[in-house]
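Nothing in this text is a laboratory measurement; each read-out follows from the coordinates by a stated rule. From a predicted model like this one, the values you see are computed outputs, not experimental measurements. Cβ coordinates were reconstructed from backbone atoms using ideal geometry, including for glycine residues, and neighbour counts include every protein chain displayed.
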Amino acid sequence: MTRQQIENAIEIEGLRKTYAGSKRTGPKEALKGVDLTIPRGSVFGLLGPNGAGKSTMINIMAGLVVKTTGKVRIWGFDQDENPRQSRAAIGVMPQELNIDPFFTPREALDVQAGLYGVPRAERRTDEILELVGLTDKADAYARTLSGGMRRRLLLGKALVHAPQVLVLDEPTAGVDIGLRQMLWQNVRMLNEQGMTIILTTHYLEEAEQMCDEIAIIDKGSVIVRDTTQALLARMDAKTLLVRPASGAPAFPLPEGVTREDRADGWLAFHYPRSRVSAGAILAALAAAGVEVADLSTAEPDLEDAFLDLTRR
Ligand code: ADP
Ligand code: MG
């Protein structure tokens, strides 16, 4: 197979990982037989609660964690048969902020390029520093960088060998809005240039906004994998929150809508968005003469989504 014919950036079959653990904790089965293909050119979301196994999966792809059994192909290269090529095809921005405090960002990128055997003439250190917004800090020691700047550097390090697949492990957990925007801009731009992007998050909304396709992983197994659109359509439960200007008596609601009177004075209307619109609920409120002081809608959170999906 030539590289041009590759359809899937990643192919995972029967992937299992059991961490040995300590005497006290015992072994931990973090991945319980995962099959997953990630199409070339996509922005793919791995979504799941803490402890689901997302980082384990990513770190196995990156060659940072040794799998127990299973097959992993990256850009068509089997990880066991072609370790060097499969590793060269992927760049990972890890969840942990593991940065050598004694290197400057410029040096860190250079060291990383050296590790991947990128010839000096082909290094794009300045370009990458600019891309991640670290030009001003290029020669500052890493220990003087803020948490956000360290994350920028981790992204830069993931890009030095121009990988075909970029993996971001919870890139936006606890980061400020400026960094979040920088990350998403870069992700979109790199994807437009043809890079396949894989990101993990436990924010459904973030996955919705960024990803073409999503796999939901829970307790070491992929429980759902679908296009973002199809997945959202399956997660039907929605809530409209309304704060009436003064109290609201009982009044007729569209079929399928349930009302919950909350202690803080807000009314929550739960409805299936495939059959009922928020507008229909607001119309019912207006018809009953209830004046609305404030309102918002709430998406189902991940937990609800899991319940909803696993119940089917
Ligand atoms: P996620 O990234 O989805 O939060 P992880 O892959 O980090 O999940 O963890 C999956 C499970 O494996 C968790 O129960 C976690 O405690 C366990 N685990 C992760 N790394 C190790 C390790 N090095 N040793 C033992 N258990 C681990
Ligand atoms: Mg993780």
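Please work out the FRET efficiency for the pair Gln85 and Tyr141, using the Cβ-Cβ distance as r and a Förster radius of 30 Å; give the result to the nearest 0.05.
On the way: r = 34 Å, r/R0 = 1.15.
Efficiency for this residue pair is about 0.30.
Just to verify a number: FRET efficiency for Arg188 and Thr258, C-beta to C-beta distance, R0 = 35 Å, to 0.05? Show your work: numbers first, answer last.
Working: r = 39 Å, r/R0 = 1.10.
E(calc), rounded to 0.05, equals 0.35.
Through the Karplus equation 6.51 cos²θ - 1.76 cosθ + 1.60, θ set to phi - 60°, convert the phi angles of the stretch 228-241 into ³J(HN,Hα) values in whole Hz; use x for Gly and Pro.
Coupling constants for the stretch 228-241: 4, 4, 5, 5, 5, 5, 6, 8, 8, 6, 9, 10, 10, 9 Hz.
What is the sum of charges around Val34, taking Lys and Arg as +1, Asp and Glu as -1, for the other residues whose C-beta is under 15 Å from the C-beta of Val34?
On the way: positive: Arg16, Lys17, Lys32, Lys54, Lys67, Lys71, Arg73, Lys219, Arg225; negative: Glu11, Glu13, Glu29, Asp35, Asp218.
Local charge sum for Val34: +4.
I want to verify a result. In a Gaussian network model of the chain, Cα cutoff 10 Å, which of these has the top mean-square fluctuation: His202, His161, His270?
His270
What residues qualify as long-range amide H neighbours of Leu168, i.e. H under 5 Å apart, gap of 5 or more or another chain, H built at 1.01 Å from N?
For Leu168, the qualifying residues are Met93, Ile198, Leu199, Thr200.
What is the local net charge at Thr69, summed over the other residues whose Cβ is closer than 12 Å to its Cβ (Lys, Arg +1; Asp, Glu -1)? Before the final figure, lay out each step's value.
Working: positive: Arg16, Lys17, Lys32, Lys67, Lys71; negative: Glu13, Glu29, Asp80.
Around Thr69, the charge tally is +2.
Explain nothing, just compute: Karplus ³J(HN,Hα) = 6.51 cos²θ - 1.76 cosθ + 1.60, θ = phi - 60°, for every residue of the stretch 75-87 in order, whole Hz, x for Gly and Pro.
Running phi through 6.51 cos²θ - 1.76 cosθ + 1.60 with θ = phi - 60° gives 6, x, 9, 5, 4, 7, 7, 10, x, 5, 5, 5, 5 Hz.
Taking the mean number of other Cβ atoms within 10 Å as a proxy for protection, how do you rank 182-190, 128-136 from highest to lowest? The partial results should precede the final answer.
On the way: 182-190: 16.7, 128-136: 18.3.
The densest-packed peptide leads the list: 128-136, 182-190.
Among residues other than Arg243 whose Cβ falls under 9 Å from its Cβ, what is the net charge (Lys/Arg +1, Asp/Glu -1)?
Working: positive: none; negative: Asp264, Asp294.
Overall, the nearby charge balance is -2.
Please list, ordered by chain and number, the residues whose modelled amide H lies under 5 Å from the amide H of Trp75; skip anything fewer than 5 residues away on the same chain.
Amide H neighbours of Trp75, under 5 Å, 5+ apart: Ile10, Glu11.
Among the lysines, select those whose C-alpha is under 26 Å from the C-alpha of Lys54, and discard any that sit fewer than 8 residues away in the same chain.
Candidates past the 8-residue exclusion: Lys17, Lys23, Lys28, Lys32, Lys67, Lys71, Lys157, Lys219.
How far is helix 105-115 tilted, in degrees, relative to the longest principal axis of the Cα atoms in the chain, given as a value from 0 to 90 rounded to the nearest 10?
For 105-115 against the chain, the angle is about 60 degrees.
Given contacts defined as C-alpha pairs under 8 Å and at least six residues apart, what's the relative contact order of the stretch 1-155, whole-number percent?
On the way: 210 pairs, mean separation 31.0, N = 155.
Answer for the stretch 1-155 is 20 percent.
Going by the alpha-carbon gyration tensor, a ≥ b ≥ c the square roots of its eigenvalues, is the stretch 1-141 rounded (a/c under 1.5) or, if a/c is not under 1.5, prolate (a/b greater than b/c) versus oblate?
On the way: a/c = 2.09, a/b = 1.36, b/c = 1.53.
Oblate.
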